[in-house]
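Trainee: Once you've had a glance at the structure underneath, I'll fire off some questions.
The values are calculated or read from the model by the stated rules, or taken from the named source; none is laboratory data. Since the structure is predicted, the reported quantities are computational estimates derived from the model, not experimental observations. For neighbour counting, all protein chains shown are included, and Cβ atoms are generated from backbone atoms with ideal geometry for every residue, glycine included. Side chains included, ligands, DNA and RNA excluded: accessible areas come from the protein's heavy atoms. Shrake-Rupley method; radii C 1.70, N 1.55, O 1.52, S 1.80 Å.
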Amino acid sequence: MMRFMLLFSRQGKLRLQKWYTATAERDKKKMVRELMQVVLARKPKMSSFLEWRDLKIVYKRYASLYFCCAVEEQDNELITLEVIHRFVELLDKYFGSVCELDIIFNFEKAYFILDEFLIGGEIQDTSKKSVLKAIEQADLLQEEDESPRSVLEEMGLA
Amino acid sequence: MALKIVKGSIDRMFDKNLQDLVRGIRNHKEDEAKYISTCIDEIKQELKQDNIAVKANAVCKLTYLQMLGYDVSWAAFNIVEVMSSSKFTYKRIGYLAASQCFHESTDVIMLTTNQIRKDLSSPNQYDTGVALTGLSCFVTPDLARDLANDIMTLMSHTKPYIRKKAVLIMYKVFLKYPESLRPAFPRLKEKLEDPDPGVQSAAVNVICELARRNPKNYLSLAPLFFKLMTSSTNNWVLIKIIKLFGALTPLEPRLGKKLIEPLTNLIHSTSAMSLLYECVNTVIAVLISLSSGMPNHSASIQVSFSRHAHTFSLKYLGLLAMSKILKTHPKSVQSHKDLILQCLDDKDESIRLRALDLLYGMVSKKNLMEIVKKLMLHVDKAEGTTYRDELLTKIIDICSQSNYQYISILVELTRLEGTRHGHLIASQMLDVAIRVKAIRAFAVAQMATLLDNAHLLTGNTQRNGICEVLYAAAWICGEFSEHLEEPMATLEAMLRPKVATLPGHIQAVYVQNAAKLFATVLRGQEGAPADSTVAQETSQLLIDRLPLFVQSSNLEVQERASCILQLVKYIQKLQQKDVEVAEEVTALFAGELNPVAPKAQKKVPVPEGLDLDVWINEPPSGSESEDEGRKSKGKAVFAKDESRHTKPRYTEVDEKELAKRREVRKAEQANNPFYIKASPSSQKVYQDGVGVEHIPVVQIDLSVPLKVPDQYVKLEEERRERNKADKKKKKDKKKREKGEKGRRRRGDSGPESEEDITPAHMVDIVTEEMPEWIDLRFISPLILLSLSLAPHLQVCDIQGNLQDGSQVVVSVIFENKCDSFIKSMEFNVLDSLNSKLQRPDGAGPHDGLIVPFQLPPGISNEARFIFSVQNIVMPQKLKGTLTFIVKTDDSSTHEKLDFKLHFTCTSYLITTPCYSDAYSKLLESGDLKGCSLKLEGVNQPFHHLLARICFHHHFSVVERIDSCASMYSRSIQGHHMCLLVKTADQTVSIDAKCDEPGLLGNVLDEIKLTFSQC
């Protein structure tokens, strides 16, 4: 089971964090800080896997962003790498050639995509298509919510 | 009303949305914290409004801030409000915020149960979806219990979108609320054959995870999974299934045989690296469980490994896999030695370290020299100090495996700069030179060169630096100086002025060994017919050079140097009279040093007629009061000692018992960095073996005569203690053992040794049947406590020890009572103003102390914690927690134990003897304030009563006359405490005096408590 997933920039700014086990805020911060240091210090030609505390860390860098997952000892590192890649593909499809700024400004959307892809640290759907379909439909629902309101309605005058 | 709404909406037009916030933060890089604090103020205003859209916007912004590391827990209630909005847009934001911010101790989670239930049963599948997603992040045991049924229903929902989510969430529910597993399992099994592939893979996922935790319950599903494995084409699912089989095969070897073929097929056919890796891993697991070698299959593993070993990530995994194969099939790994050696050149340190581990495991007699040579080549180009140090340790380890002929390698190693393994190399040099006679001549020659080139090594003079090897070099040259070809040159090298820059302990060895060398040189010179002036010159050399060392600031060096200087001066005088001195000087250092095996002592038989357990001298008998004192001390030590062994028990130990003890001791030592001290667990096993029932305790009658020999007092005390223990329904074996240990030590040391007399007190623990809270009570300088804790760990004994006026040392014995490995223990205590746990420099006031060892099952170990105490007048309780990781074969869980440390006032008292004249002077001085206490209905003999006070409260008897006794004790801060105890008709009155009335009051209360408990 995946324990958590972090997205952070080369400058060490956290862009996304998802914890699949409830963790206290203080511990989260400590772990994030520690892990970022470890990962950022690694050189490009190094292995994507490392052992850290009792977890295995799998990370991959896409452009300026590091995607970093912590999995348990028995988990398969390579499939985790594929999970990361699949997530990047999903973001790419959704935003249309995704860049760091997309994730910064639409961070809630990025979370929604991640939530449709992984749930409780397990892969929910292995098909890209069905994940994207679910997101689209949820977005449609959201727009329906928003669209009928005219400006006047919103101001409480209608 | 309308106006208010309009006003709110207009305000809203000026509100920041999330994008504005992000942009704003990016524009305020210099004063981000300030900007954010104004934003948070705005958000607080927004949260106060009734408009849900405003609130949702605010919560969305908070979620972003939370990610940046700002505390938003104060808005938990607002998040719940947004979650319960009927609009999906807001609900989605609310659940997102909740899943990011909530954790088990968030109290508003309780309020969400009904809302979540409502959302789960919503007709809109996306409402249900977000609720499930949110739940997966913050599900608590309570939520799991309340919602398990609802989620179970959703597993049969018409929409596959909901079904797969529900199935995956069920796993989280099982973890939090295991009772739900049984009713849900049939339905989960159904889902393995769900028409939707997503749901199917979800079910595989969950069952696979469950099976990894507890494989044997899932063996029956093996055929079903086998079918799935051969039919499925989805790599993600295949990986899970194969992993599941990896967990199952150790339990069912037949399964392994069946698996090998489809797995090898997959290995050869798949292009997906992840699947390949999983297959390889499982094949390895299968091979291990089959144990019979299947060479052709392991060959296929290697093929696949070497086929893909070009990319760096796979190299790492390949090496990992290799190390697994190595354990069972070392031969098949051997053929890849070159490949592995190549990995040593890799840029990635973790790959290099893995490769090194592998090489270390591969070493055999045949290839040792080859591997070491290769490694030596690598030492030169190795980058990174950690890696180089690791490399060095490994080389030394490898070499020491083979024992012989590696002095030259060690010398080679010393040429490396900047390593911190000097000490290790030195000890290895000494070891080899002493152990292997054949190598001595060679070693001495090498060492002499080393000494001659000492200036090359002295660049690094810090403590573990490489100059440590000079320590070994000097010693070897001195001790085995007869092998030296040019002792004179070496002697000169050792007395160079530069030596004075070396660390003190090395200089000391230099000086001492210079003397040994001198002896050898003299003998050589006097043996030759040459004139005696040469010999005199040698003496002169020493006399010239030694004063340098006499001035050393290091005392050891100074002392040795001045000793030897005087000796040499005397020798010179004799030489001038033409006396042959060589023989006598050599005699100073005569005697060969032979290596002795650590167990050699055991092989020496005990001479006939020698009984090691008999007193050599009769124990001295003193005056009456002294006798009384000793008796009480003796009793104190044995007080809770229920399992009494008679002395000659040592002879009862049979061979099997010994083997068992040795086993245990080894395990203990392996885990204990300071294994010199007594090992409690070995005693434990010993005791288990001998059994408690044989001890004739029961027959002893209560009505003991007033003047009883020590033994009877002990027995009586034991009986009572046992009754008490039974009453409390606390059968704690460990307690008895601890008592046993204390008693034995006492017995060994004899009554005279004062420092050992500090009584080992047994103290009752108030566990109050609560598994969570433990009360570690703290009454005496040396306290033994036993605690039976919940499932995993037993914090057994606490020994307090008082040293100076403000420090209390608490020894905690941790015993692992579960079957799993326990590691990463962290001991933390919430400091009070008065008592603080002493933490290392740089640690924060709330940081826990890491317990410096790990515990395999059944092993116990002791850790010490120092507390500083300011005020000792009041008793105190400190709350603490112990966190640790329990590691079982397939998982590791983080656990926490809460406990209380109870420092009573008596724990600050130290048993101090006092003479009656000093005592009366103290009372006359008038500095002491009085207080008194009456105890009714005490029906025990007076000397028992005194013993009890001495034992539990650390007093010593000053004088006793009939039914009246005076007692004394002193606190760690030097407060005097005097008691006058009188008894008449079952009533005991205690008049007490102390210069600190508060302390006195508390101690008297504690004494009262002690007597009310018996």
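Trainee: Note the direction-averaged projected area, equal to a quarter of the hull surface, for the Cα convex hull of segment A:1-153, in nm².
Mentor: Taking the Cα atoms of segment A:1-153, their convex hull projects to 10.6 nm² on average.
Trainee: How much length is gained if the chain between B:K189 and B:K29 is pulled fully straight, taking 0.36 nm per residue apart and subtracting their Cα-Cα distance, in nm to one decimal?
Mentor: 52.2 nm
Trainee: Scan around B:V958 for amide H atoms under 5 Å from its own, H built in the peptide plane at 1.01 Å from N, and keep only partners 5 or more places away or cross-chain.
Mentor: B:S966, B:M967, B:Y968
Trainee: Once amide H atoms are placed 1.01 Å from N in the peptide plane, what residues at a sequence separation of 5 or more from A:W52, or on another chain, have their amide H within under 5 Å of its amide H?
Mentor: A:I57
Trainee: Turning to a different aspect of this structure: Can you compute 3J(HN,Hα) from phi for each residue in segment B:940-948, using the Karplus curve 6.51 cos²θ - 1.76 cosθ + 1.60 with θ = phi - 60°, rounded to whole Hz and x for Gly and Pro?
Mentor: Per-residue couplings from phi come out as 10, x, 4, 6, 5, 4, 5, 4, 5 Hz.
Trainee: If you count, for every residue in A:99-108, the Cβ atoms of partner chains within 10 Å of its Cβ, what is the mean?
Mentor: Partner-chain Cβ atoms within 10 Å, mean over residues of A:99-108: 3.
Trainee: Kindly state, to the nearest 0.05, the FRET efficiency for B:Q870 paired with B:D613, given R0 = 45 Å and r defined as their beta-carbon distance.
Mentor: 0.45
Trainee: If each residue of separation counts as 0.36 nm, what is the full-extension length gain between B:S271 and B:W74 once their alpha-carbon separation is subtracted?
Mentor: Gain on stretching B:S271 to B:W74: 65.8 nm.
Trainee: Can you list the HN-Hα couplings for segment B:243-251, worked out from phi with the Karplus curve (6.51, -1.76, 1.60; θ = phi - 60°), rounded to whole Hz and with x for Gly and Pro?
Mentor: 4, 4, 5, x, 6, 7, 4, x, 8
Trainee: Given only helices, namely DSSP H runs of n ≥ 4 each adding -39500 (n - 2.57), what is the per-residue ellipticity at 222 nm of chain A, to the nearest 500 deg cm²/dmol?
Mentor: -15000 deg cm²/dmol
Trainee: Turning to a different aspect of this structure: Using modelled backbone amide H atoms (1.01 Å from N, in-plane), which distant-in-sequence or interchain residues come within less than 5 Å of B:A843's amide H?
Mentor: Result for B:A843 returns nothing.
Trainee: Taking only protein heavy atoms into account and a 1.4 Å probe, give the accessible area per residue of segment A:1-153 in Å².
Mentor: Value returned for segment A:1-153: 42 Å² of accessible area per residue.
Trainee: From the Cα gyration tensor of segment B:130-195, with a ≥ b ≥ c the square roots of its eigenvalues, which class applies: rounded if a/c is under 1.5, or else prolate if a/b is larger than b/c, or else oblate?
Mentor: Judged from the Cα gyration tensor, segment B:130-195 comes out oblate (a/c at least 1.5, b/c at or above a/b).
Trainee: Next question, about the same structure. What whole number of Å gives the distance from the Cα centroid of segment B:492-558 to the Cα centroid of segment B:843-916?
Mentor: Between the Cα centres of segment B:843-916 and segment B:492-558 lies a distance of 52 Å.
Trainee: Can you sort B:M488, A:M2 by solvent-accessible area, 1.4 Å probe, largest first?
Mentor: B:M488, A:M2
Trainee: According to a simple spin-label model (label point 7 Å from Cα along Cα-to-Cβ), what is the distance in nm between B:K366 and B:Q45?
Mentor: For the pair B:Q45/B:K366, the computed spacing is 8.3 nm.
Trainee: Which ³J(HN,Hα) values, rounded to whole Hz and listed in residue order, are derived for segment B:191-204 from phi using the Karplus coefficients 6.51, -1.76 and 1.60 in 6.51 cos²θ - 1.76 cosθ + 1.60 with θ = phi - 60°, glycine and proline given as x?
Mentor: Whole-Hz 3J(HN,Hα) from phi for segment B:191-204: 5, 4, 10, 5, x, 7, x, x, 5, 4, 5, 4, 5, 4.
Trainee: Something else now. From the residues B:C279, B:S269, B:V199, which one has its Cα farthest along the dipole of segment B:178-285 in the positive direction, the dipole being from +1 and -1 charges on Cβ of Lys/Arg and Asp/Glu about the Cα centre?
Mentor: Of the listed residues, the answer is B:C279.
Trainee: If you don't mind, another one. Using the alpha-carbon centroid of each, what span in Å lies between segment B:563-579 and segment B:100-163?
Mentor: Distance between centres, Cα-based: 95 Å.
Trainee: Ignore the peptide's own chain and count Cβ atoms of other chains within 10 Å of each Cβ in A:16-23; give me the average, rounded.
Mentor: Mean partner-chain Cβ count within 10 Å for A:16-23: 5.
Trainee: Here is a further query. For segment B:34-70 and segment A:3-57, compute the distance between their C-alpha centroids and round to whole Å.
Mentor: Here the answer is 26 Å between Cα centres.
Trainee: Once neighbouring chains are kept in place and the probe is 1.4 Å, which whole percent of the accessible area of segment A:1-153 is contributed by carbon and sulfur?
Mentor: Carbon with sulfur: 52 percent of the solvent-accessible area.
Trainee: Assuming R0 = 35 Å, what is the FRET efficiency of B:N939 and B:V809, from their Cβ-Cβ distance, to the nearest 0.05?
Mentor: Efficiency computed from Cβ-Cβ geometry: 0.40.
Trainee: What order, most packed first, do the peptides A:132-143, B:975-986, B:924-935 have when packing is the mean number of other Cβ atoms within 10 Å of each residue?
Mentor: B:975-986, A:132-143, B:924-935
Trainee: Identify the residues of segment B:31-62 with backbone N under 11 Å of a label point that sits 7 angstrom from the Cα of B:S122 along the Cα-to-Cβ direction, or state none.
Mentor: none
Trainee: Let me ask you something else. Taking each residue of A:41-53 in turn, how many C-beta atoms of other protein chains fall within 10 Å of its C-beta, and what is the average?
Mentor: 4
Trainee: Which FRET efficiency value, to the nearest 0.05, is calculated for B:K258 and B:I850 with the Förster distance at 35 angstrom and r the Cβ-Cβ distance?
Mentor: Result of the calculation: an efficiency of 0.15.
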